[in-house]
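For reference, the structure is listed below as structure tokens.
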Amino acid sequence: DQQVKQNSPSLSVQEGRISILNCDYTNSMFDYFLWYKKYPAEGPTFLISISSIKDKNEDGRFTVFLNKSAKHLSLHIVPSQPGDSAVYFCAATRTSGSRLTFGEGTQLTVNP
Amino acid sequence: DSGVTQTPKHLITATGQRVTLRCSPRSGDLSVYWYQQSLDQGLQFLIHYYNGEERAKGNILERFSAQQFPDLHSELNLSSLELGDSALYFCASSLNGNHLRTAYGYTFGSGTRLTVV
């Protein structure tokens, strides 16, 4: 039972344009969501998060949007840079718990 | 360097064998989490230890076991290995028992790539 899904295995965008990565979840008990970025041969690193009491959180070039009714979140990167090329994982959790449930990841490639 | 150290980085072993993966958490962190990433899949939660005690267990096979020692490092033991156990195994740490209190989620190590042949 895949409770968190990232339906796009890969995404390619031009430098300077917007990157939009999508994530869907099925478990309505999830109330906190995170995005991690992963470079080859490294562990995932935290990027940005959002609580279910909000619908938007912004940090520099990165913005996460949450649509609870649709059980959907997205990560916007504006403007995209070649250094953003990495695998992006969406993760969900309950604030009362300790485990993260991850999506399969989306490989983002930003072309110069 | 995230501050979470995992050894070894690579491990190749035969089916039926037993291996031990080691994790040293970031200085000051009391919680250690283990995750498995199989090919083209997301990270799957295995187990969480806090200050030496098991806090939560995920879909961890009975052939797998873990522990956290008094110095807070953790070991993941995998026995009777099968081809399907080939994966990246990540360790993560956080300050306390609820990762969200750190406001930044976990800090991950760079992983151990296990290949079972």
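The values are calculated or read from the model by the stated rules, or taken from the named source; none is laboratory data. Not measured: the values here are computed from a predicted model. Please note: Cβ atoms are built from the backbone with ideal geometry, for glycine as well, and neighbour counts cover all protein chains shown. Surface areas here come from the heavy atoms of the whole protein model, side chains and all, with no ligands, DNA or RNA. Shrake-Rupley method; radii C 1.70, N 1.55, O 1.52, S 1.80 Å.
Among what's in the range B:55-66 and is within 18 Å of residue B:19 (Cβ to Cβ) and hydrophobic (A, V, I, L, M, F, W, C), pick the residue that is most open to solvent (accessible area, probe 1.4 Å). Steps first, answer last, please.
Just the residues of the range B:55-66 that are within 18 Å of residue B:19 (Cβ to Cβ), to begin with: B:60-66.
So of that shortlist, the ones also hydrophobic (A, V, I, L, M, F, W, C) come out as B:60-61, B:64, B:66.
Numbers: B:60: 30, B:61: 80, B:64: 14, B:66: 17 Å².
Within the range B:55-66, the match that is most open to solvent (accessible area, probe 1.4 Å) is B:61.
How many residues are more than 10 Å from every other protein chain (Cβ to nearest Cβ) and farther than 16 Å from residue A:91 by Cβ if we restrict to the range A:8-38?
Qualifying residue count, the range A:8-38: 13.
Residues that are open to solvent by 20 Å² or more (accessible area, probe 1.4 Å) and touching a Leu at 6+ places or on another chain (Cβ under 9 Å): which strands (runs of 3 or more DSSP E) entirely in the range A:14-112 hold 3 or more of them?
In the range A:14-112, the matching strands (runs of 3 or more DSSP E) lie at A:19-25, A:45-51, A:56-59, A:62-67.
Residues that are within 10 Å of another protein chain (Cβ to nearest Cβ) and more than 25 Å from residue A:10 (Cα to Cα): find the strands (runs of 3 or more DSSP E) completely inside chain B holding 3 or more of those.
On the way: elements: B:5-7, B:10-13, B:19-24, B:31-37, B:43-50, B:53-57, B:64-68, B:74-78, B:87-94, B:112-116.
Answer list for chain B: B:43-50, B:53-57, B:87-94.
Would you point out which residue out of B:90, B:69 is of a type outside the set (A, V, I, L, M), within 26 Å of residue B:1 (Cβ to Cβ) and open to solvent by 30 Å² or more (accessible area, probe 1.4 Å)? Please lay out each step first, then the result.
Details: B:90 fails: open to solvent by 30 Å² or more (accessible area, probe 1.4 Å).
Result of the check over B:90, B:69: B:69.
What number of residues in the range B:27-49 are under 10 Å from the mean Cα position of the chain (by Cα) and under 13 Å from residue B:109 (Cβ atoms)?
The total comes to 4.
Is it the case that residue B:20 is open to solvent by less than 30 Å² (accessible area, probe 1.4 Å), farther than 27 Å from residue A:2 by Cα and of a type outside the set (A, V, I, L, M, F, W, C)?
no
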